[in-house]
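Okay, so here's the structure we're looking at.
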Amino acid sequence: MRSETSVVVDRGRYEDVLTPWEDEAWRTTALGWVAGELEALGLRSTGERRVRLRPWSVLVRLAVEGRGAVWFKANPPASAFEGPLTAALARWVPEHVLEPLAVDADRGWSLSPDGGPLLRDALGREPANPRIWEELLRQYAAMQHALTPHAREIERLGVPGTPATALPGVFDRLDHTALRPGEREALRELRPRLLDWCAELAAVGIPDSLDHADLHEGQLFRPAPGRFTFFDWGDAVVSHPFCSLPVPARRARERYGPHVLPRLRDAYLEPWTGGGRSTAELRRAVSLAWRLSALSRAGAYGRLFPSAYGPARAAVAADGARCLLELLGDPPV
């Protein structure tokens, strides 16, 4: 790679964050790996590099001659599974994900092609239409349904497994989260009911699958009308699949209002109908999973680079605490 290539660094709201990118030796090794992988593919990077640094990832966009762009991503140890997981998903559900160009599982590195426009950008150019969200949820749920036979294989890749019956243990491990005394006490008082909710959800009998855990319009490509590609699996868990619904449903509610939620729920449930389960049972499972999803999402806020500390780590911890408090609210569906 040419030394004169310009670099633009984006730290977002984490101006003080320390990531491996600050280490010149690491940076040289990582970019050398990218150059070698591109050369093996007959490609060469050129022009500007755009670097996005966060406490949970290093992301570099590299322009490539004759191809547009590729993306290098470095994950911290706790989410180093993302590259191998994405490669496995490309084998199991290729129509729903991007196939990585290269993966270094030991170092948590991956190199991916560009996936086209983000859904977020497409929504900004089109008339408001909640049916887009209905279709993406159908496709996402169909993908989850297809992945249920692979749940244990996904766990062996390093993705945390948190079935409904294990969520009380996740709750207990999060007791150290920075909360106000009144908030902590309210959550502790909730624990007996939490046990009942987890047992009821498990009894519905929906098998575990992959939960993206942060599925929003910035984590989706929309390469063409009616087509969606899911990416950014660093927060993923193997858990009750319905725990995936709250994040995209809330984003759609912010755009269109609460009246869209029942249609989104029912669109998501279409691939899960049958198997002797009634519509009422499935809708009840959605309501239970909506609340319990806060646990897996709160736990994902701990997947940071070991070097991330100080205000950046505190800000991420505060986000995790706010997520955990969602347990106290009643589900809107």
Rounded, prolate or oblate: pick one for the stretch 219-333, where a ≥ b ≥ c are the square roots of the eigenvalues of its C-alpha gyration tensor, a/c under 1.5 means rounded, and failing that, prolate if a/b is larger than b/c, else oblate. prolate
Which of rounded, prolate or oblate describes the stretch 1-122 when judged by the alpha-carbon gyration tensor and an a/c cut-off of 1.5? rounded
Pop a pseudo-label 7 angstrom from the Cα along the beta-carbon direction at both Glu135 and Arg91 and give the gap in nm to one decimal. 3.1
Calculated from DSSP H runs of 4 or more alone, at -39500 (n - 2.57) each and per residue, what is the 222 nm mean residue ellipticity of the chain, nearest 500? -13500 deg cm²/dmol
Counting only protein heavy atoms with a 1.4 Å probe and every protein chain in place, the carbon and sulfur fraction of the accessible surface of the chain in whole percent equals 51
Please list 109-117, 87-95, 137-145 highest first by mean number of surrounding beta-carbon atoms within 10 Å per residue. 137-145, 109-117, 87-95
Per residue, accessible area of the stretch 292-333 with a 1.4 Å probe, heavy atoms of protein chains only, in Å², comes to 39
Accessible area of the stretch 78-183 divided out per residue, in Å², using a probe of 1.4 angstrom: 47
In debye, nearest 20, what is the charge dipole magnitude of the chain about its Cα centre with +1 on Lys and Arg Cβ and -1 on Asp and Glu Cβ, if you could check? 580
For the chain, radius of gyration divided by Kirkwood radius, i.e. Rg to Rh on alpha-carbons: 0.97
Which far-off residues, 5 or more places away or on another chain, put their amide H under 5 Å from the one on Thr46, with H placed in the peptide plane? Ala63, Val64, Glu65
How large is ³J(HN,Hα), in whole Hz, for each residue of the stretch 226-231 in order, when computed from phi with the Karplus curve 6.51 cos²θ - 1.76 cosθ + 1.60 and θ = phi - 60°, using x for Gly and Pro? x, 10, 9, 10, 9, 8
Report the net charge of residues surrounding Arg125, where surrounding means a beta-carbon distance below 13 angstrom and charges are Lys +1, Arg +1, Asp -1, Glu -1. -1
Can you divide the C-alpha Rg of the stretch 135-267 by 2.2 N^0.38 Å and report the result to two decimal places? 1.16
Which log10 I(q)/I(0) values, to two decimals, does the stretch 70-112 give at q = 0.24, 0.30, 0.32, 0.33 Å⁻¹ under the Debye formula with one point per Cα? -0.73, -1.01, -1.09, -1.12
Cβ-Cβ FRET estimate between His259 and Ala199, R0 fixed at 25 Å, reported to 0.05: 0.20
Explain nothing, just compute: Karplus ³J(HN,Hα) = 6.51 cos²θ - 1.76 cosθ + 1.60, θ = phi - 60°, for every residue of the stretch 38-46 in order, whole Hz, x for Gly and Pro. 5, 4, 5, 9, x, 10, 9, 7, 8
Through the Karplus equation 6.51 cos²θ - 1.76 cosθ + 1.60, θ set to phi - 60°, convert the phi angles of the stretch 72-89 into ³J(HN,Hα) values in whole Hz; use x for Gly and Pro. 9, 10, 10, 9, x, x, 5, 10, 5, 5, 4, x, x, 5, 4, 5, 5, 4
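The values are calculated or read from the model by the stated rules, or taken from the named source; none is laboratory data. Predicted model, so just to flag it, every value in this text is computed and none were measured. Methodologically, a virtual Cβ is constructed for each residue, glycine included, from the backbone with ideal geometry; neighbour enumeration extends over all protein chains shown. For accessibility, only protein heavy atoms count, side chains too; no ligands or nucleic acids. Shrake-Rupley method; radii C 1.70, N 1.55, O 1.52, S 1.80 Å.
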